[in-house]
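Visitor: Take this structure first; my questions come after.
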Amino acid sequence: QDEEKWDFVLVSDIHEIGSEKEIKRKKFLDELSKKRFTIKKIEDNKLFYGVRAPPYIFRKYQWLLRNPDSRLQDPSAHQDVPVTTRIRIVNFILQNTKTPDNEKLRDLIKKKVFEAMFPLHEKEDVREDLKQKWARWRDIFCQQPIEMIRSYFGEKVALYFAWLGWYTYLLGFAAVAGLVVFIAGITIFNSSQVSKEICEANNTIMCPLCDQKCPFWRLSDTCTYARVTHMIDNEGTVLFAMFMAIWATVFLELWKRKRASVVTKWDLYGWDEDEEELAMELINDLDHEPREYQHSYLRSTIVLLLVLLMIAVLIGIAHALVIYRVIATALFTQSESEFFREQANTVAVITGAVLHYITIVIMTKVNRRVALFLCDLEKPRTFSQRENNFTIKIFIFQFLTNFSSLIYIAFFLGRINGHPGNYVRIAGKWRLEECHPSGCITDLFIQMAIIMTLKQTISNLMEYLVPWLKHKICRRQKRPKKKHLVLGEEEEVEDPCKKQWLSNYQLNEVNIFSLFDEFLEMVIQYSFTTIFVAAFPLAPMLAFFNNLVEIRLDAIKMMRLHRRMVPRKAKDIGIWLQVLEAIGILAVIGNGLVIAITSDFIPVQVYKYTYSPCMTENSTAVDCLTGYINHSLSIFHVQDFEPHMKLAEKKPDFDMGEITECRYRDYRNTDDYSYTVQFWHVFAARLAFLILFEHVALCVKLIAAWYVPDVPQKVKNHLLEEKHQNLRKELSMIEYSTEV
């Protein structure tokens, strides 16, 4: 039975004898035979070649690396080498075997000589255990069997799931804190003095929201919107943003500790990827010369310029989304429907968010192509170097794709649009959007809620349904062929391998980016969860529930729907750790900016402690925020509108006679519309808060990073003891040899 274990299966179409493809295939298989590989051929509607490597290859590997692997697995397994290591070595040799025409397997697959290559899902106990304990929905709240994942899929996959499990566990705490802040916001839904003033402002006439026949409107018309804004925008949000900045640091520090423990248990703490790759190169070809490190300033400059060009394109797409919202708002305000006229701004925000999600889906594919092209230009030396370069580029592109629209809403919306009588316009025609008198944070909340919800529902459904449907269709198509074979050629069906190879072939293909995609998805989600969390306290909760589902989805996909991944060795999550640390710093800056610029927290505090009745009249009987709304709105004289501004012919039913002035959100003088002293006062306070918040948060992050050691004492002591024992053994051997 041991003889029937095959390391890899190569699949090929049945080519005509003597055709170019058939000759190329034969040459490749001959090269494998020269390396003493055992090859077994099974014919169905495709040709299947089972490949088994000779034992001497694994003996060489163990000798070169004095590998600790041998004691980790069942001694009866192939030459004491774990199945995962075995598959990895065979995969390396298959990928790097050259035919006399100097073609590798990758080239042959491109030329359709071979259709696929994959290691087999075993019928072994580990797989059945994983299906029972991991790849099932009922275990959604259970811990993952990381050791079993490692012994089936290798260290890299196991570390991904260990990281994802740890991240989800700690998200639970952030989710609870976010929910508490949100519920606290709901409890003050009706009690906020600012929203009370907006709801009672029946006599405050606001300037029209568009140029063409838009009516004046009462501030009290937007009562609900104001209440929602103050539900999100309150003191609790500031504390929560601070909490999330610290949470991000603590999460990463605790992960470093967990990783150190796990990797030490696996005997990989001192493992060197370069050494392993060199060893495998030599096992494959004794005459192999290592590729030297190279650096070309010209190539780096070209890559940098192309990256900047791509960033400019992504910023251009963000501009296009802004223009869409501006034009959509203008069109909705002139709509026949009363609902669209009244809710023009909100409808534009919602449709803009959906459009943004669609651009994310499209640009994800484009970004990948561009990042791959740039990696090819760089010509990295090793696979891991290529993966690191690719990771950084695609993360930058994806980050901008996902966040450019949010950055505009958070920091530019309503701040660059001018004022009545002198609006900033696109193409001299459409004027930029304004913020609601109670602030812009609700727009950011809506945008984040829509994008996160769509990403987590539609993307997850597609991620699961597409492979599931492909698998079902593939199995359907194969069934009748099988029946025909059973009737006609019974002796061939007897082959025990045939059924296993066919069932593996019918599963969905996996590529080298399968795991990378999962990581990227989680890291972008981590960005959403930390960077603008001040505007959307529910982000951690959404992420928490998404991840519970995501872990099981990935498990079911990997165990039941996809071919077996080629196991890869790793001792950490690679460059993703630096990416996560960078996001942690961006989170501090992002949340500081949201509170200082997007939120009304600072203007409210400035009013409360400088201009409010409590300060000016020493009156304690009234709420300190009384009069804030009136104070934050400027007066505009209707006669100063631009000449092409068409006011609504039909005046709304105001009992105020002719309207001579209207209000708008800004701190400007009534006579020349220049900025008032209050504007500069608020501006200075925003700047001071930003500097203070960021320095305090970064100091707390540094203290947390120092306070929690990266490597637990237990691990350090274990490594110390191991070194001590090894040196003592060496010394005793020398003493023994001198005595003899």
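The values are calculated or read from the model by the stated rules, or taken from the named source; none is laboratory data. Because the structure is predicted, anything quoted here is derived from the model rather than measured. Cβ atoms come from the backbone with ideal geometry, glycine included; neighbour counts cover every protein chain shown. Just so you know, the surface numbers come from the protein's heavy atoms only, side chains and all, with ligands and any DNA or RNA stripped out. Shrake-Rupley method; radii C 1.70, N 1.55, O 1.52, S 1.80 Å.
Visitor: Using the beta-carbon distance between Ala688 and Met615 and R0 = 22 Å, what value does 1/(1 + (r/R0)^6) give for FRET efficiency, to the nearest 0.05?
Guide: 0.75
Visitor: Give me, ordered by chain and number, the residues 5 or more places off Leu647 or on other chains with an amide H under 5 Å from its own placed amide H.
Guide: Answer set, sorted by chain and number: Lys213.
Visitor: Can you list, by residue number, the Cys in the chain that have no neighbouring cysteine C-beta under 4.7 Å?
Guide: So far as the 4.7 Å Cβ criterion goes, Cys142, Cys375, Cys474, Cys497, Cys699 stand without a partner in the chain.
Visitor: Right, next: Quick check: the angle from helix 55-65's long axis to the longest principal axis of the chain, C-alpha only, nearest 10 degrees?
Guide: Taking the Cα atoms of the chain, the angle to 55-65 is about 60 degrees.
Visitor: Moving on to the next point. Check each of the trypsin sites (Lys or Arg not before Pro) in the stretch 363-403 and keep only those in coil by DSSP with at most 15 other C-beta atoms within 10 angstrom; list them in order.
Guide: Arg381
Visitor: Once phi is turned into ³J(HN,Hα) by the Karplus curve 6.51 cos²θ - 1.76 cosθ + 1.60 with θ = phi - 60°, what whole-Hz value does each residue of the stretch 458-469 show in order, with x for glycine and proline?
Guide: Whole-Hz 3J(HN,Hα) from phi for the stretch 458-469: 4, 4, 5, 4, 5, 4, 8, 5, 4, x, 5, 5.
Visitor: Here is a further query. By per-residue mean of other Cβ atoms within 10 Å, what is the highest-first order of 220-233, 330-343?
Guide: Peptide ranking by packing, descending: 220-233, 330-343.
Visitor: Let me ask something additional. Quick one: accessible area per residue over the stretch 285-388, 1.4 Å probe, rounded to a whole number of Å²?
Guide: 62 Å²
Visitor: Given the Cα-Cα distance of Gln385 and Arg476 and 0.36 nm per residue of separation, how much length would full extension add, in nm?
Guide: Result for the pair: 28.6 nm of gain on full extension.
Visitor: Per residue of the stretch 519-535, what does 6.51 cos²θ - 1.76 cosθ + 1.60 with θ = phi - 60° give for ³J(HN,Hα)? Whole Hz please, x for Gly and Pro, Karplus curve as stated.
Guide: 4, 4, 4, 5, 6, 5, 4, 4, 5, 4, 6, 10, 6, 10, 5, 4, 8
Visitor: Under 14 Å from a point placed 7 Å out from the Cα of Glu273 along the Cα-to-Cβ direction: which residues of the stretch 353-382 have their backbone N that close?
Guide: Under cut-off, by backbone N: 380-382.
Visitor: Calculate, for the stretch 664-740, the solvent-accessible area per residue in square angstrom, rolling a 1.4 angstrom probe over the heavy atoms of the protein chains.
Guide: 76 Å²
Visitor: Now for a separate question. Given [x] 1.18; [y] 1.00; [z] 1.07, which label gives Rg/Rh (Cα atoms, Kirkwood Rh) as computed from the coordinates?
Guide: [z]
Visitor: Then there is this: Expressed as a whole percentage, what fraction of the accessible surface of the stretch 280-376 belongs to carbon and sulfur atoms when a 1.4 Å probe is rolled over the protein heavy atoms?
Guide: Roughly 67 percent of what the probe reaches on the stretch 280-376 is carbon or sulfur.
Visitor: Quick one: net charge of Asp139's neighbours, Cβ under 10 Å, K/R +1, D/E -1?
Guide: +4
Visitor: Tell me the label-point distance for the pair Phe339, Glu122, using the 7 Å Cα-to-Cβ offset, in nm and rounded to one decimal.
Guide: Result for the modelled spin labels: 6.0 nm.
Visitor: Separate question: Rolling a 1.4 Å sphere over the protein heavy atoms, what is the accessible area per residue of the stretch 152-218, to the nearest Å²?
Guide: On a per-residue basis, the stretch 152-218 sits at 37 Å².
Visitor: Taking 7 Å along the Cα-to-C-beta vector as the label spot, tell me the Leu304-Trp63 distance in nanometres, rounded to one decimal.
Guide: 4.8 nm
Visitor: Kindly write out, for the stretch 421-426 in residue order, the coupling ³J(HN,Hα) from the Karplus curve 6.51 cos²θ - 1.76 cosθ + 1.60 (θ = phi - 60°), rounded to whole Hz, with x marking Gly and Pro.
Guide: Per residue, the Karplus-derived 3J(HN,Hα) values read x, 7, 7, 7, 10, 8 Hz.
Visitor: Next up: Going by alpha carbons, how many degrees (0 to 90, nearest 10) lie between the helix axis of 383-411 and the longest principal axis of the chain?
Guide: 20 degrees
Visitor: With r as the distance between the Cβ atoms of Thr457 and Asn630 and R0 = 45 Å, compute the FRET efficiency 1/(1 + (r/R0)^6) and round to 0.05.
Guide: According to the calculation, E is roughly 0.55.
Visitor: Right, something else. How many percent of the accessible area of the stretch 520-580 is carbon or sulfur, using a 1.4 Å probe?
Guide: Ligands and nucleic acids excluded, carbon and sulfur reach 71 percent.
Visitor: Let me ask you something else. On a 0 to 90 degree scale, rounded to 10, what angle separates helix 223-232 from the longest Cα axis of the chain?
Guide: 50 degrees
Visitor: Right, something else. Percent of accessible area on the stretch 8-120 owned by carbon and sulfur, 1.4 Å probe?
Guide: Carbon plus sulfur share of accessible area: 50 percent.
Visitor: Now for a separate question. With n ≥ 4 as the cut-off for DSSP H runs, can you work out [θ] at 222 nm for the chain, using -39500 (n - 2.57) per run divided by the number of residues, rounded to the nearest 500?
Guide: It comes out at -20500 deg cm²/dmol, rounded to the nearest 500.
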